[in-house]
Amino acid sequence: MATETTYVRPDVKAFIDAMAAVGGPALADMTLEEARASYIALHGMADRPARELAVIRNLSCPGPAGEIPLRLYDTREAREPGPVIVFYHGGGFVIGDLDTHHNLCTEIAWQMDLPLVAVDYRLAPEHVFPAAVDDCEAAARWVASSPEALGRKATGIINIGDSAGGNATIVVTQALAADPAAAPVVLQVPLFPLASDSFGSFSLDEFAEGYILTKAAIEFFDAAYAPDRNDPRAMPILGRHEGTPPTVLVTASLDPIRDSGRDYGAALSKAGVDHVFLEMKGVTHSFTNLRQAVPGTQADLERVIAAMKLMMGRATEATAA
């Protein structure tokens, strides 16, 4: 349980207090349809407006169980060959879609000035583990192959995602390290990811209630997704870390799954992986989608973008050497 000495940033506290005043049922007490609608409504209310981009286009690619919906974002109509960002949305593998993270994807594409492809993977409980990560891997391989439908030549892949999408980010990076795609993963950016089993962790109990993501919601997602805790595709902390590409790893200090991200950072350090670890102080899970309701989180996201550019530069230098 968080204590009186727990640091909560003023803009974060104002948002938490406002959410508490609104009330309403907890996510774990909603129907599946209500939970998905609530997630869309929260991001629509709390996130900054979408950027206007030259290209915002829906696509699809083949997947293991049919076509996977995608959305392409780019600041430019045409591009020379270069890196392509592949984005995996959060939502516990149960809620979330292309629309819940639309505004965030426009921001990342605009800030990075790179094409970004968002992946609308299959959700649980209709499709349990490992359906979601199988779709994410298939989409990344499709982007890496530079298909004509994409209209951009990918020289490298940048995997990025938040929460469950942070898990998918690591899982896809590990899969493409073990069985390379047509273009390599040059950077991965797991945002407050689930990398190790959060049950039994200190942060899960400390921030069980009152900080946006709750322990009950995590249990709700876990029961729906039904992950195999002995499989690295569910718990990528169990995977191979040597040879991991440059990484920007981000956690939030008030996040119940914070310690899972910290565990992954320790594993990267032990494996000698070049990485930047950013723990945003006084903010909650999902801060990247709260940039209007919690104004200071825009600067937090810009710190992440700056770290991405730094690590991209280091990756380029390493390749040249």
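Just checking, which of 92, 44 is among the small types (Gly, Ala, Ser), out of contact with any strand residue (DSSP E or B) (no Cβ under 9 Å at 6 or more places or on another chain), part of a loop (DSSP other than H, G, I, E, B) and surrounded by 12 or more Cβ atoms within 10 Å (Cβ to Cβ)? None of the other options fit; the residue is 92. Against the test of being more than 30 Å from residue 26 (Cβ to Cβ), modelled with pLDDT of 95 or more, among the polar types (S, T, N, Q) and crowded, with 21+ Cβ neighbours inside 10 Å, the options 247, 251 yield a single qualifying residue, 247. Once region 235-244 is narrowed to residues that are without any contact (Cβ under 8 Å) to a residue 60 or more places away in the chain and assigned to a loop (DSSP other than H, G, I, E, B), the residue that is surrounded by the fewest Cβ atoms within 10 Å (Cβ to Cβ) is 242. For region 15-27, filtered to residues that are part of a helix (DSSP H, G or I) and under 17 Å from residue 207 (Cα atoms), the residue that is modelled with the lowest pLDDT is 27. Checked across region 11-23, the condition of being of a type in the set (Phe, Trp, Tyr) and more than 18 Å from residue 162 (Cα to Cα) holds for at least one residue. With respect to the stated conditions, residue 253 is over 19 Å from residue 160 (Cα atoms) and touching a residue at least 60 places away in the same chain (Cβ under 8 Å).
Does residue 232 satisfy the criteria of being crowded, with 22+ Cβ neighbours inside 10 Å, over 20 Å from residue 290 (Cα atoms) and in contact with a helix residue (DSSP H, G or I) (Cβ under 8 Å, 6 or more places away or on another chain)? When the stated conditions are applied, residue 232 does not pass them.
The C-beta contact set for region 264-282 (first residue within 14 Å of residue 192 (Cα to Cα) and at pLDDT 95 or above, second residue part of a strand (DSSP E or B) and of a type in the set (S, T, N, Q), distance under 8 angstrom, 6+ apart or interchain) comprises 265/251; 276/247; 277/251; 278/251; 279/251; 280/251. Selection of region 19-28 for residues being surrounded by 11 or more Cβ atoms within 10 Å (Cβ to Cβ) and in contact (Cβ under 8 Å) with a residue 60 or more places away in the chain yields 19, 26, 27, 28. Is it the case that region 129-148 has a residue that's without any contact (Cβ under 8 Å) to a residue 12 or more places away in the chain and of a type in the set (Ser, Thr, Tyr)? No: region 129-148 contains no residue that is without any contact (Cβ under 8 Å) to a residue 12 or more places away in the chain and of a type in the set (Ser, Thr, Tyr). Is it the case, given these coordinates, that residue 161 is closer than 26 Å to residue 28 by Cα, in a strand (DSSP E or B) and within 16 Å of the chain's Cα centre (by Cα)? Considered against the rule, which asks whether it is closer than 26 Å to residue 28 by Cα, in a strand (DSSP E or B) and within 16 Å of the chain's Cα centre (by Cα), residue 161 comes out as yes.
Restricting 189, 171 to residues that are crowded, with 24+ Cβ neighbours inside 10 Å and either in contact with a Lys or Arg (Cβ under 8 Å, 6 or more places away or on another chain) or of a type in the set (Lys, Arg) (or both) narrows the list to 171. Between 272, 261, 282, the distinction of being assigned to a helix (DSSP H, G or I) and among the small types (Gly, Ala, Ser) belongs to 261 only. Taking residues in region 109-126 that are touching a residue at least 40 places away in the same chain (Cβ under 8 Å), and partners anywhere that are crowded, with 19+ Cβ neighbours inside 10 Å and of a type in the set (Lys, Arg), the pairs with Cβ atoms closer than 8 Å and at least 6 places apart or on different chains are 115/152; 117/71; 118/71; 120/71. Being closer than 25 Å to residue 237 by Cβ and part of a loop (DSSP other than H, G, I, E, B) holds for only one residue in 141, 122, 152, and it is 122. Considering region 53-79, and only residues there that are of a type in the set (D, E, K, R) and touching a residue at least 40 places away in the same chain (Cβ under 8 Å), the residue that is nearest to residue 208 (Cα to Cα) turns out to be 71. Residue 36 satisfies every condition listed in (1) crowded, with 17+ Cβ neighbours inside 10 Å; (2) farther than 20 Å from residue 123 by Cβ; (3) basic (Lys, Arg) except (2).
The values are calculated or read from the model by the stated rules, or taken from the named source; none is laboratory data. Keep in mind that this is a model prediction, so the values were computed, not measured. Virtual Cβ from ideal backbone geometry, glycine too; neighbours counted across all protein chains shown.
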